[in-house]
Ligand code: FES
Ligand SMILES: [Fe+2]
């Protein structure tokens, strides 16, 4: 696994993997390096989240899908 | 008026009967601390100009007294003024001077606030707070009242304060002189880019009283009068018409606002000015003619330095500026100076004025430099225990003000001193410190709104 | 050393010597001689600086000839500033401040038409201006300068000076001196 990810400049539409195993697509990026607004595409632990929008905290982001 | 209040500001420290004011009110740290509560936390303070935040998400970080505040336009277009301090541990949530953003995110633990102030992001809200934190209670602290007036934005921390225009009272016409166009059209002032910010080692009241109408200190600007800085290259200013005008001090009692102003005789014709540049001269000639065609009292008024209580100075004539004297401890002031031009003026006029403004005002201003030297060392030389025993005198012109003033059909309400022959008076300073003492004594805004008790007519007129 | 490298060393040295000599005139309060080193069409500009978000560097400085600045001068107003000090009653400089200018990191940026025959030179440097006045009042102003020098006879004239002060809120009460 790679080191910390700088989410500050991730583009809208980019997909990120979270520590929980969930995957989300960026809807907007406030470019503060701390938060992303994203929509869940997959959430193995809590399938009810899929389709919902949420604020994603930078420390939860473990991977950016290529 | 001069009863001995519970804290003894009148007549102990501010004695208006003899016109003596103790140096303590300038140099005493305890009085300064009390002043933050009693004056700055209750007064209407100037925050900025709407043109600084034209679009949703735009923000400008300003100050209210010692505190940093964020002036911003939310995503829906509404203007807010927030305390620039995170509700979690107080970190400054915005350390930029201005910009555009979707959220204000705290660098410390990552709390994040919307441009409407709502707390929207809390790291580990579910895990660490178990979703129990009531986010609705922990948004950015917003001012109790805000008012946008002809582009300027004002705010007040006290919900019990009267609305801004009532606070301004009859002084409104003088604020209009700077915010309306030179030709008299409403709200034409445009803010030039860049706010000058600098530190002066003196109590904030030194510049506040100077701008209240210290026409006595012209001698301190002798050097610039000699070498010339005015728009025509001569002297400091460029007002031929002042030779025929009446020069007045106008003080609005019960409000604490005061100014110098000039009144033109009725039927006065524009005088040539700004002859160094034909384009500029033509612009002002045109504006002066237009102004005279507009009905209303302001067409005969020429603005001059004035002060809106407590710490906002205006100079409606050239250099056309607003300055805020932000207190920064009893012994230091952080000045913010904003410069204005007419929105519709040709570029050549704006450029010409900008050059003149910064040659005149601010830390590199050939005129203002000498003011700063005086305020600095007046303050320093007043701090000693011996010096503090000796009050300053403000008795100049005591007893020579008239209630309301009329000249050739123009009526000016307030306490007015005719300076045309007298040159100077200290009526404006007495007015400033009378109001200051009232704030220091009063426990609530009810006590401070004397006009609602004394003169219901005036309260109605200010609406 | 090749000829053009040598020419570059010599020109850089000449520029630095000029800047030191200019600072000497200011520090010795030889203001009239200093004014004589300024081209008649000099632009002397000191923008203000904002704190802006990373990536918004273009907004960091107030814009030349459009926004407010600390200084935006030509020869006429610089001359007036000198004359004001020389009245002896410019209280912000009376008694006169003790001022020392340090100029360092002199870099030759451009020489036209050529290094060997430079008629105009763009140079960058760092400045440190120390001001002490009356008793203990002390200011330290540090920053960068971008100068354009123009050949004039055996010497140089300052044709343009951009002064970049490394401060946001100006920490001095006034700017009664030159950079
Ligand atoms: S201080 Fe702001 S999140 Fe803790
Ligand atoms: Fe002054």
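Every number here is computed from the coordinates shown, using simple stated rules; none is lab data. If you're wondering where the values come from, they're calculated on a predicted model, not measured in any experiment. Here Cβ is always computed from backbone atoms with ideal geometry, including for glycine, and neighbour counts include all displayed protein chains.
Values for this structure:
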| quantity | calculated |
| --- | --- |
| Ranked by how many other beta carbons lie within 10 Å on average, peptides B:63-69, B:34-40 from highest | B:63-69, B:34-40 |
| Near-label residues of the stretch B:379-412 by backbone N, under 13 Å of a point 7 Å along Cα→Cβ of residue B:420 | B:406-410 |
| Per-residue average of Cβ from other chains inside 10 Å of C:164-170 | 3 |
| On Cα atoms only, tilt of B:427-441 relative to the major axis of chain B in degrees | 30 degrees |
| Ranked by how many other beta carbons lie within 10 Å on average, peptides A:15-24, B:386-395 from highest | A:15-24, B:386-395 |
| Rounded, prolate or oblate (a/c below 1.5 giving rounded, otherwise prolate when a/b exceeds b/c) for the stretch B:96-244 by Cα gyration tensor | prolate |
| Shielding by partners, peptide B:194-201 (average Cβ within 10 angstrom, other chains) | 6 |
| Rounded to 5, the percent of DSSP beta bridges in the stretch C:3-165 classed as antiparallel | 90 percent |
| Approximate spin-label separation residue C:10-residue B:30, in nm, with each point projected 7 Å along Cα-to-Cβ | 7.5 nm |
| Inter-chain shielding of B:99-105 (mean C-beta neighbours from other protein chains, 10 Å cut-off) | 5 |
| Rg/Rg_globular for chain B, with Rg_globular taken as 2.2 N^0.38 Å and Rg from C-alpha atoms | 1.01 |
| Whole-number percent relative contact order across chain B, with pairs defined as alpha carbons under 8 Å at least 6 apart | 19 percent |
| Cα-based Rg / Dmax (Å) for the stretch C:3-165 | 17.0, 53 |
| Contact order normalised by residue count of chain C, Cα under 8 Å, 6+ apart, percent | 22 percent |
| For B:167, B:108, order by how many other beta-carbon atoms lie within 10 Å, fewest first | B:108, B:167 |
| Ellipsoid semi-axes in whole angstrom, largest first, where each is sqrt(5λ) of the Cα gyration tensor of the protein assembly as shown | 43, 40, 24 |
| Taking B:206, C:61 and counting other C-beta atoms within 10 Å, the order from fewest to most | C:61, B:206 |
| Simple label model, 7 Å out from Cα along Cβ direction - residue C:75 to residue B:136, nm | 7.1 nm |
| Principal-axis tilt of helix B:347-360 within chain B, Cα atoms, nearest 10 degrees | 90 degrees |
| Acute angle (nearest 10 degrees) that the helix C:75-86 long axis makes with the longest principal axis of chain C, alpha-carbon atoms | 50 degrees |
| Alpha carbon centroid spacing (whole Å) that separates the stretch B:163-198 from the stretch B:376-393 | 35 Å |
| Base-10 log of normalised Debye intensity for the stretch C:3-88 (one unit scatterer per alpha-carbon) at q = 0.18, 0.20, 0.22 Å⁻¹ | -0.94, -0.99, -1.03 |
| Cβ-based exposure ranking for B:150, C:173, in which fewest neighbours within 10 Å come first | B:150, C:173 |
| Two-decimal Rg to Rh for chain A - Kirkwood Rh, Cα set | 0.93 |
| Largest-first ellipsoid semi-axes for the stretch B:45-145, taking √(5λ) over the Cα gyration tensor eigenvalues, angstrom | 24, 14, 12 |
| Euclidean distance of C-alpha centroids, the stretch B:20-74 and the stretch C:98-117, integer Å | 44 Å |
| Estimated inter-spin distance, residue C:112 and residue B:443, nm [label 7 Å along Cα→Cβ] | 7.4 nm |
